[in-house]
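Worksheet for the structure shown next.
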């Protein structure tokens, strides 16, 4: 089953029209995803990872954005496709779990209504069939006493519960590709681990492909097959997960990892913050976008922008002076900050 | 022996708390109460509406013909429940028939305003773009014009029938309703759950009717009722100026107009009842509409549900 090419993104550019000129949010991103695989997209706030995931879904407002390149799902071009065509794919082929479970559920609709709605529209289920399916979905995502929760309003559920409901809604029509855009934002660490494990388990059960967008390298370390690191709208490093943690080449990836707390360290260890701010995307710096903040930056970095080159099988990075192999990369983070 | 006297009351206290908790659990937490005042106000609105609708069937004297066997400008009494005016007409009968004008113009005007203003507002706020900008600017322009002056001008040109007055007032209420509905739609149109619904393949019609409309319903209902109240007052002002339905058809406004001449004794007679009753009826209708609007807003607000 595994191995069939599901998603192909080629040279995707997204820019927003602003009053100060075009803002280049995504600058030439290419990626591929096979069925049953998980891709992690990592980067700090403003690196373009959410815009990238929404552009793949086709959810960006058309009027104020320019999108070029190509996004193909099983050979069908999605980019700039009319909404009517995307609507046929949404929910039955591609579904999305949104960032904030507190705002992603309609506050005045009962949970049951919100889960059964896509079932009734897309799968043409009857009312009773839809309810049965919804209850079994609620059970699958680990919601206790689903019959009662079915009648509840979102305000009556906790954040973790709501995110489980969001996942249940996204999975309702059995999509083949699940986009999870920071699915654990605003949840505490224990619940984060539970939600991520749940996503992983459901993905294995359903042989579903998943794109996991996050700012936390620790989250993607054990849960993905491949990782893309984004900075200022560019892919700066791309590698299979185990390769990335074994031999990361891009200083930005290393900096991201160093800024993540690790459970093995003694308490009160200072975290290494990345100096400076993410670049202004209206006025991107010349040369490598990370050069103003890069501790290893040399003159060449400030002038010429490094291309994304494939150094070894599957491992590509955009850096003139990659971290060498004899300089050991920091150890991979613990799989889970807290046992699930 | 002291331990016995100490434990007994404690047990009782625990039993009390347990009972209380069970009683609270038995009550549905999603249920909210509207309160006695709400039902009193709803009762008054329904009473006025029913009386206006079935005025013909009620055992009332003709509101437009005087009973010349009775006393002119009589106070409340048995023959005429609320007394008579200076043309020997029954005030109670005129009050009931006059309610027709207030109810029809008030609710009719608000419904016209909601349809003409509210539906375009939702679509325009959801779609945005140039049409939205144009409609928005248009609503500002219409609002900048004093409505009562415009209504007076149109009424004096076009004529004064119940239908025309309702239509004109409804159309002038539309831009105000447009603004309110547009603003509340805007605040929901960019919420995550709307995007989430879109990502699940919901059509625009579905998003507007199932995702956004239920959220702005409290605003629409309460603002709609307040619009009814405002329109009743506006009709009253027009009638007071003699620009609403022409006499002898009674309306609360023209009754007030007729009564005002009898208030000062300018005609040699005084009859304060002719002012007190229509003013009182209107006051009670307006306060009822406002209370109902306020209570319904709180009732529809599910985010205030007790956890």
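The values are calculated or read from the model by the stated rules, or taken from the named source; none is laboratory data. Please read all numbers here as calculations on a predicted model, not as lab measurements. Here Cβ is always computed from backbone atoms with ideal geometry, including for glycine, and neighbour counts include all displayed protein chains.
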Query raised in the report: Are any of the residues in segment A:81-104 more than 16 Å from residue B:200 (Cβ to Cβ), assigned to a helix (DSSP H, G or I) and more than 13 Å from every other protein chain (Cβ to nearest Cβ)?
Result: no
Query - Which numbered condition residue A:120 misses (of (1) at pLDDT 85 or above; (2) out of contact with any helix residue (DSSP H, G or I) (no Cβ under 7 Å at 6 or more places or on another chain); (3) within 28 Å of residue B:189 (Cβ to Cβ)) - result: (2)
Report summary line: Picked from segment A:105-117 (must be assigned to a helix (DSSP H, G or I) and more than 8 Å from every other protein chain (Cβ to nearest Cβ)), the residue surrounded by the fewest Cβ atoms within 10 Å (Cβ to Cβ) is A:113
Report task. Could you please find all residues in segment A:125-151 being within 14 Å of another protein chain (Cβ to nearest Cβ), under 21 Å from residue A:107 (Cβ atoms) and either surrounded by 19 or more Cβ atoms within 10 Å (Cβ to Cβ) or under 29 Å from the mean Cα position of the chain (by Cα) (or both)? Result -> A:134, A:137, A:149, A:150
Report task. Return yes when residue B:128 is surrounded by 14 or more Cβ atoms within 10 Å (Cβ to Cβ) and within 26 Å of residue B:248 (Cα to Cα) and no when it is not. Result -> no
Query raised in the report: Quick check: is even one residue across segment B:126-142 within 14 Å of chain A (Cβ to nearest Cβ), modelled with pLDDT under 90 and in a loop (DSSP other than H, G, I, E, B)?
Result: yes
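The rows are residues; the columns are (1) surrounded by fewer than 20 Cβ atoms within 10 Å (Cβ to Cβ); (2) farther than 15 Å from residue A:177 by Cβ; (3) modelled with pLDDT of 90 or more.
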| site | (1), (2), (3) |
| --- | --- |
| A:194 | yes, yes, no |
| A:199 | no, no, no |
| A:211 | no, no, yes |
| A:222 | yes, yes, no |
| A:228 | no, yes, yes |
| A:233 | no, yes, no |
| A:238 | no, yes, yes |
Query raised in the report: Is there a residue being assigned to a helix (DSSP H, G or I), more than 10 Å from chain B (Cβ to nearest Cβ) and over 21 Å from residue A:215 (Cα atoms) anywhere in segment A:168-185?
Result: yes
Requested in this report: Could you check residue A:155 against (1) within 13 Å of chain B (Cβ to nearest Cβ); (2) surrounded by 19 or more Cβ atoms within 10 Å (Cβ to Cβ) and say which number it fails?
Outcome: (2)
Query raised in the report: Which one of the conditions (1) over 30 Å from residue B:293 (Cα atoms); (2) surrounded by 12 or more Cβ atoms within 10 Å (Cβ to Cβ); (3) under 28 Å from the mean Cα position of the chain (by Cα); (4) modelled with pLDDT of 75 or more does residue B:61 fail to meet, given that it meets all the rest?
Result: (3)
Query - Selection status of residue B:181, surrounded by 14 or more Cβ atoms within 10 Å (Cβ to Cβ) and over 30 Å from residue A:114 (Cβ atoms) - result: no
Report task. Output the number of the condition that residue A:7 fails; it satisfies all remaining conditions of (1) in contact with a helix residue (DSSP H, G or I) (Cβ under 6 Å, 6 or more places away or on another chain); (2) closer than 28 Å to residue A:305 by Cβ. Result -> (1)
Query raised in the report: With segment B:144-254 as the region, which helices (runs of 4 or more DSSP H) entirely inside it contain at least 2 residues that are at pLDDT 85 or above and away from every other protein chain (no Cβ under 14 Å)?
Result: B:147-158, B:162-189, B:213-240
Query raised in the report: When only residues in segment A:39-80 that are in a strand (DSSP E or B) and under 15 Å from the mean Cα position of the chain (by Cα) count, which is surrounded by the most Cβ atoms within 10 Å (Cβ to Cβ)?
Result: A:41
Query raised in the report: Can you find even one residue in segment A:53-72 that is within 14 Å of another protein chain (Cβ to nearest Cβ), touching a strand residue (DSSP E or B) at 6+ places or on another chain (Cβ under 6 Å), farther than 30 Å from residue A:187 by Cα and at pLDDT 85 or above?
Result: yes
Query raised in the report: Which numbered condition trips up residue B:134, out of (1) buried (at least 20 other Cβ atoms within 10 Å of the Cβ); (2) over 24 Å from the mean Cα position of the chain (by Cα)?
Result: (1)
Query raised in the report: Mind checking which residues of segment B:74-102 are in contact with a strand residue (DSSP E or B) (Cβ under 7 Å, 6 or more places away or on another chain) and surrounded by 19 or more Cβ atoms within 10 Å (Cβ to Cβ)?
Result: B:80, B:84, B:90, B:91
Query raised in the report: What are the residues in segment A:21-38 that are crowded, with 19+ Cβ neighbours inside 10 Å and assigned to a loop (DSSP other than H, G, I, E, B), if any?
Result: A:36, A:37
Query raised in the report: residue B:305 passes all but one of (1) crowded, with 22+ Cβ neighbours inside 10 Å; (2) under 30 Å from residue B:198 (Cβ atoms); (3) at pLDDT below 80; which number fails?
Result: (1)
Requested in this report: Report, by residue number, each residue of segment B:74-90 that is in a strand (DSSP E or B) and over 13 Å from residue B:258 (Cβ atoms).
Outcome: B:90
